[in-house]
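These notes concern the structure reproduced below.
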Amino acid sequence: MKCPHCAVEIHAEAVWVYLREDSEGQWCIEQYLCPNPDCNKWIFYLVRGSERVDLNGRFGGFHEIQKRFLVHPKGSNRPPVPPQVPQKLADDYVEACIVLPDSPKASAALSRRCLQNLLREVAKVKPGNLAEEIQQVIDSEIPSYLVEVIDAVRNIGNFAAHPLKSEKSGEILPVEPTEAEWNLDVLEALFDFYFVQPAIVKKKRAALDQKLKEVGKKPMK
């Protein structure tokens, strides 16, 4: 599993704490301590199941898990926002991740707004509706893999049937299956293209210029 705190793949032993039984079933807390020394934080799930597992007189979970909710940290298992991403965009992305398990509609509204802000402020598209702005980016010189993923925002979101998603990007509207998750995937790809990769190239360029300087040569133009 991935730690929802640090997004590192971990192997941790579950600790189960039985709570109560009601008309829906039996409830317990499933908890893990992240073994990553840079994290070392607890992860808690609320679990409903049936048929208790007993391990030497100790509760060891359920034979059948019916529902499982991540309660701490609140949010979904998405990678952390790269530090190069501006705070305004990062805040909308993080909030969209946090509300995803409880409200895909709200998550999609936040991610659409984040996408539109990114296109306007970073890709420098001419302001219009979101569908038009996506088309402007597609018509620009961006890699083909980004063309496919960003165009899918319109298709998966069924903008033709729900024009308000384009006209008022922050509106909370019905979502299609996987739409909210896909929007977050697209934002991650765009964050990498517009912020992470340029920062990597800039760092490598600076290191190369330093080496050239050390041997008495002029920096690259």
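The values are calculated or read from the model by the stated rules, or taken from the named source; none is laboratory data. Model, not experiment: these values are computed from the prediction. A quick note on method: Cβ atoms are made from the backbone with ideal geometry, for glycine too, and the neighbour counts reach across all protein chains shown.
Miscellaneous remarks
- Among the residues of the stretch 110-132, the ones that are in a helix (DSSP H, G or I) and either surrounded by fewer than 20 Cβ atoms within 10 Å (Cβ to Cβ) or within 14 Å of the chain's Cα centre (by Cα) (or both) come to 11 in all.
- Output for the stretch 15-37, where each listed residue is over 23 Å from the mean Cα position of the chain (by Cα) and hydrophobic (A, V, I, L, M, F, W, C): Val15, Trp16, Val17, Leu19, Trp27, Cys28, Ile29
To keep it simple, each residue is scored yes or no on (1) farther than 24 Å from Gln84 by Cβ; (2) basic (Lys, Arg); (3) assigned to a helix (DSSP H, G or I).
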residue: Ala108; (1), (2), (3): yes, no, yes
residue: Ile134; (1), (2), (3): no, no, yes
residue: Asn158; (1), (2), (3): yes, no, no
residue: Lys165; (1), (2), (3): yes, yes, yes
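- Some residue of the stretch 182-200 being in a loop (DSSP other than H, G, I, E, B), within 26 Å of Asp102 (Cβ to Cβ) and out of contact with any Gly (no Cβ under 9 Å at 6 or more places or on another chain): no
- Condition met for Gln197 (more than 17 Å from Glu95 (Cβ to Cβ) and in contact (Cβ under 8 Å) with a residue 12 or more places away in the chain): no
- Subset of the stretch 25-52 (residues that are over 12 Å from Ile65 (Cα atoms), assigned to a loop (DSSP other than H, G, I, E, B) and out of contact with any Cys (no Cβ under 7 Å at 6 or more places or on another chain)): Pro35, Pro37
- Residues (under 9 Å from Ala131 (Cα atoms) and either within 22 Å of the chain's Cα centre (by Cα) or modelled with pLDDT of 95 or more (or both)) located in the stretch 160-169: Lys165, Ser166
- Within the stretch 69-99, being touching a Lys or Arg at 6+ places or on another chain (Cβ under 8 Å) and not polar (S, T, N, Q) holds for Pro73, Asp92, Cys97, Ile98.
- Considering residues of the stretch 59-104 that are within 15 Å of the chain's Cα centre (by Cα) and charged (D, E, K, R) only, the residue nearest to Leu46 (Cα to Cα): Lys74
- Residues (out of contact with any helix residue (DSSP H, G or I) (no Cβ under 9 Å at 6 or more places or on another chain) and in contact (Cβ under 8 Å) with a residue 40 or more places away in the chain) located in the stretch 78-115: none
- Selection count, the stretch 6-57, where residues are touching a residue at least 40 places away in the same chain (Cβ under 8 Å), surrounded by 15 or more Cβ atoms within 10 Å (Cβ to Cβ) and under 19 Å from Pro80 (Cα atoms): 2
- Checked against the criterion of being out of contact with any Gly (no Cβ under 6 Å at 6 or more places or on another chain), part of a loop (DSSP other than H, G, I, E, B) and under 24 Å from Ala189 (Cα atoms), the stretch 85-96 has at least one qualifying residue.
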